[in-house]
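The values are calculated or read from the model by the stated rules, or taken from the named source; none is laboratory data. These numbers were taken from a predicted model, which means no experiment stands behind them. Because the Cβ atoms are built from the backbone with ideal geometry, glycine has one as well, and the counts that use them run over all protein chains shown. Side chains included, ligands, DNA and RNA excluded: accessible areas come from the protein's heavy atoms. Shrake-Rupley method; radii C 1.70, N 1.55, O 1.52, S 1.80 Å.
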Amino acid sequence: PRPAPDPAALAEAAALLRGGRRPLVVAGGGVIYAEATEAVRRFAEAAGVPVAETQAGKGSLRYDHPLSVGAIGATGTAAANALAREADVVLGVGTRWSDFTTASRSAFAADGVRFVNVNVAAFDAAKHSGVAVVADARTALDALRAALSGWGTAPEYRERARTLAARWDET
C-alpha cells in the first residue's frame, strides 16, 4: 500500500501552491523509488510548473520536456538555479534537501519563499519549515493535481522556464 496524504496537509499544500506565481518542483530520489515519473509529468503539465531534479532524482522528467530545467543546486544548471532564486513556492517531492540540492541553503533566495515537502519520511517532509505532506510521491502528486484542477501558472512563466532550459542546452 502507498501512504496517502493527510487531507488537511494536502489542502494546505494546494492552497499554498495556488497562491504562488513562480512555483518550482524539485524532484528527488523518492520520485524514482515510488515509480512516480509519470505522476511528475502529469502534475507539471496540468499545473504548468517547471521541474528541477536533485542528483538522485535524475530522470524524474525527460530532459527534453518543455518544463524540465535540469539539475538544481551546487551541481545544477543555470536554468534550474535561476528559477530557484526566484521561486515563491517550492514543491519538494522525495528529496532530503541535501546541501548539494540547496547549495547550502542559498539556492532559494526570494523573500518569503515557502516550501511544500512530499516525503514518506516525516523528518524530511518537515525541512525548511515546509508544509509537510507525509505520503508516497505518486499518490501525493496525483492528489495535488486533482486538488489544483483548473489552476495553472501563467503562460509567460512557462515560457521563461522553457527559454532558460533551451539556453542551458545551447551552453
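Here are a few things to note about the model shown:
- The overall shape of the range 1-49, judged from the alpha-carbon gyration tensor, is oblate: a/c is not under 1.5, and a/b is no greater than b/c.
- With helices as the sole contributors, the chain gives -12000 deg cm²/dmol at 222 nm; each DSSP H run of n ≥ 4 counts as -39500 (n - 2.57), and the sum is divided by every residue.
- Distance between the range 2-27 and the range 45-59 - C-alpha centres, whole angstrom: 15 Å
- The Cα atoms of the chain give a gyration tensor whose axes a ≥ b ≥ c have a/c under 1.5, which makes the shape rounded.
- Antiparallel content of DSSP bridges confined to the chain, in %, to 5: 0 percent
- In plain terms, the chain from GLU35 to ALA8 could stretch by 7.2 nm, reckoned as 0.36 nm per residue minus the Cα-Cα distance.
- Anisotropy class of the range 78-171 from Cα gyration tensor, a/c 1.5 cut: oblate
- For the range 31-171, accessible area per residue (1.4 Å probe, heavy atoms of protein chains only), Å²: 46 Å²
- For THR37, the solvent-accessible surface with a 1.4 Å probe is about 50 Å², rounded to the nearest 10.
- Normalised per residue, the volume of the convex hull around the Cα set of the range 1-93 (Å³): 95 Å³
- Percent RCO, i.e. relative contact order, over the chain, from Cα pairs under 8 Å lying at least 6 residues apart: 31 percent
- Computed in the context of the full set of protein chains, the accessible area of the chain at 1.4 Å probe radius has 53% of its extent on carbon or sulfur.
- Protection proxy ranking, peptides 126-137, 96-107, average beta carbon neighbours within 10 Å, highest first: 126-137, 96-107
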